[in-house]
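A.B. asks: Before I ask anything, here is the structure I am working with.
Every number here is computed from the coordinates shown, using simple stated rules; none is lab data. What you see is a predicted model; the values in this text were computed from it and never measured. When we count neighbours, we look across all protein chains shown, and the Cβ atoms used for this are built from the backbone with ideal geometry, even at glycine.
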Amino acid sequence: MKSILSTPSGLIAATLLGLATFSPGAAQAKPLPPPDQKANPQMKAVLTELARLTPVPPYMLTPAQVRKGPGPPDAVNAVLKMQGKSTAPEPVANVRNTTVPGPTGPIPVRVYTPTGTAPFPVLVYFHGGGWVIANIQTYDASCRALANKAGCVVVSVGYRQAPEHKFPASHEDSYAASQYVMAHTAQFGGDPKRVAVGGESAGGNLAAAVCLMARDRKGRMPIYQLNVYPIAGTDLNTPSYLANAKAIPLSKPFMAWFFRYEVRTPRDLQNPLIAIDRANVHGLPPATVITDQIDPLQSEGMRYAARLKAAGIPVRFRNYNGVTHEFFSMPAVLDAAREANTFAAEGLKSAFNK
């Protein structure tokens, strides 16, 4: 019989046990490392500020502490201030907060409406944060950019998070929200025949997962998926994990920290809604998959894209060098982010216009 420690889920189980010995909030924690030398100058400027704002590695803290502390958006604003630029968000025609029904109660959503005449195509968007931290506001810049560049309504979903609500709570909320939006698109000024899903990191995972759930539950299927550096696997020893074990803002121990709080048992790590790079992807919609060089998740994102292609599903894939995890939400300071936003919007528009 194969040892559990010889499997990807077993490797994570061992890591989770190791993390259990950490003392959250330890004052003796080592500071974050200096910016990765592979990072381009624009990315290095953001990473330098992030290291200054978050001197203690987040995986040494509790979820509550990390949620209250500064993060990548604060580092972006610090760079903008140093450059003498405005920190005001990119304008869109209208932004409003509301709720949609969920399995355990109302789910908060933020609706971004572009300039133009309804009905618009719609993108249901899921924020990142490892299913544990961050929120709708953290990924506000991405949603504004996509609403403008793709000319679509973006409905950003505030799903339940671990450790208060462990797997599959975030996935069930995301599925419920996407199904509701697809069934009530007029409520959002949208076209029911043109609804896509997307997200970053954990949100990229959720975008794929709600498509898997729609197929298996015979629900409404989105016409497209946008997966930006998605959490796509559970193997902490892929080439990109080994190459970027100490990267910031996402490192190998930080990713293990997320898994520790998200799952109930190691068996959850084998669930295809988390390990989407091993899922049966037949019947899923076309996709845009984006990865980046300085990211533990690069290998699994590439593997997910390859899995879709092998199943005959059209995929637009692009990797961005010189940048790190979270770069997509930094168009105010990164040329690569603006390019990636445009690449993502082009895939969405192509699907919306068919």
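A.B. asks: Over all directions, how big on average is the projection of the convex hull of the alpha-carbon atoms in the chain, in square nanometres?
C.D. replies: 16.9
A.B. asks: Treat the count of other C-beta atoms within 10 Å as a stand-in for reagent exposure and order TRP257, TRP131 from fewest to most.
C.D. replies: With the fewest neighbours first, TRP257, TRP131 line up as TRP257, TRP131.
A.B. asks: Another question, then. For THR291, enumerate residues with amide H under 5 Å from its amide H, sequence gap 5+ or separate chain, H modeled in the peptide plane.
C.D. replies: TYR229, ARG318, ASN319, TYR320
A.B. asks: With unit charges on the beta carbons (Lys and Arg positive, Asp and Glu negative) and the dipole taken about the Cα centre of segment 94-352, which residue among ALA162, PRO249, ALA183 sits farthest to the positive side?
C.D. replies: ALA183
A.B. asks: Among ALA287, PHE258, SER240, flag the residue with its Cα farthest along the positive direction of the charge dipole of segment 237-354, charges on Cβ as +1 for Lys/Arg and -1 for Asp/Glu.
C.D. replies: Value computed over the given set: ALA287.
A.B. asks: Tell me whether segment 269-354 comes out rounded, prolate or oblate; compute the Cα gyration tensor, take square roots of the eigenvalues as a ≥ b ≥ c, and use a/c under 1.5 as the rounded threshold.
C.D. replies: oblate
A.B. asks: Need the full-extension length gain, THR62 to ALA311, defined as separation in residues times 0.36 nm minus the C-alpha distance. One decimal, nm.
C.D. replies: The THR62-ALA311 span can extend by a further 85.6 nm.
A.B. asks: Inverting the mean 1/r over all pairs of different Cα atoms, compute the Kirkwood radius of segment 226-289 and quote it in Å.
C.D. replies: About 13.1 Å for segment 226-289.
A.B. asks: Using packing as a proxy for protection, rank 283-292, 46-55, 71-80, 120-129 so that the peptide with the highest average count of other Cβ atoms within 10 Å comes first.
C.D. replies: Packing order, densest peptide first, comes out as 120-129, 283-292, 71-80, 46-55.
A.B. asks: Quick one: which of LYS218/LYS354; LYS44/LYS149; LYS166/LYS349; LYS85/LYS309; LYS81/LYS166; LYS68/LYS246 span more than 30 angstrom between C-alpha atoms?
C.D. replies: LYS166/LYS349; LYS85/LYS309; LYS81/LYS166
A.B. asks: Given 0.36 nm per residue, what is the gain on full extension from SER350 to ASN280 after removing their alpha carbon distance, in nm?
C.D. replies: Computed gain between SER350 and ASN280 is 22.7 nm.
A.B. asks: Each residue of segment 264-276 in order: what ³J(HN,Hα) in whole Hz does its phi give by Karplus 6.51 cos²θ - 1.76 cosθ + 1.60, θ = phi - 60°, with x for Gly and Pro?
C.D. replies: Coupling constants for segment 264-276: 8, 9, x, 4, 4, 5, 8, 5, x, 6, 9, 8, 5 Hz.
A.B. asks: Once Lys and Arg get +1 and Asp and Glu get -1 on their Cβ, which of ALA202, PRO58, MET213 lies farthest toward the positive end of the dipole of the chain?
C.D. replies: My answer, from the dipole projection, is MET213.
A.B. asks: Counting only Cα, what are the radius of gyration and maximum Cα-Cα distance Dmax of segment 123-183, in Å?
C.D. replies: 12.0, 36
A.B. asks: So if each residue of separation counts as 0.36 nm, and I subtract the Cα-Cα distance between ALA186 and ALA245, what length gain in nm does that give?
C.D. replies: Stretched fully, the ALA186-ALA245 segment lengthens by 16.7 nm.
A.B. asks: Under a point-charge model restricted to the Cβ atoms of Lys and Arg (+1) and Asp and Glu (-1), what is the dipole moment magnitude of segment 94-352 relative to its Cα centre, in debye to the nearest 20?
C.D. replies: 480
A.B. asks: Compute the Cα gyration tensor for segment 126-227, then decide on rounded, prolate or oblate, letting a ≥ b ≥ c be the square roots of its eigenvalues: rounded whenever a/c is under 1.5, prolate when a/b is larger than b/c in the other cases, and oblate in all that remain.
C.D. replies: oblate
A.B. asks: How large is the helix-only mean residue ellipticity at 222 nm for the chain, computed as the sum of -39500 (n - 2.57) over DSSP H runs with n ≥ 4, divided by its residue count, in deg cm²/dmol to the nearest 500?
C.D. replies: Rounded to the nearest 500, it is -11500 deg cm²/dmol.
A.B. asks: Quickly rank 179-188, 98-107 as a protection proxy: mean count of other C-beta atoms within 10 Å, highest first.
C.D. replies: 179-188, 98-107
A.B. asks: Using alpha carbon centroids, what distance separates segment 270-289 and segment 190-253, in Å?
C.D. replies: Each part's Cα centre sits 8 Å from the other's.
A.B. asks: In terms of modelled amide H atoms, which long-range or inter-chain residues lie less than 5 Å from the amide H of GLN161?
C.D. replies: Under 5 Å from the amide H of GLN161 lies no amide H from a residue far enough along the sequence or on another chain.
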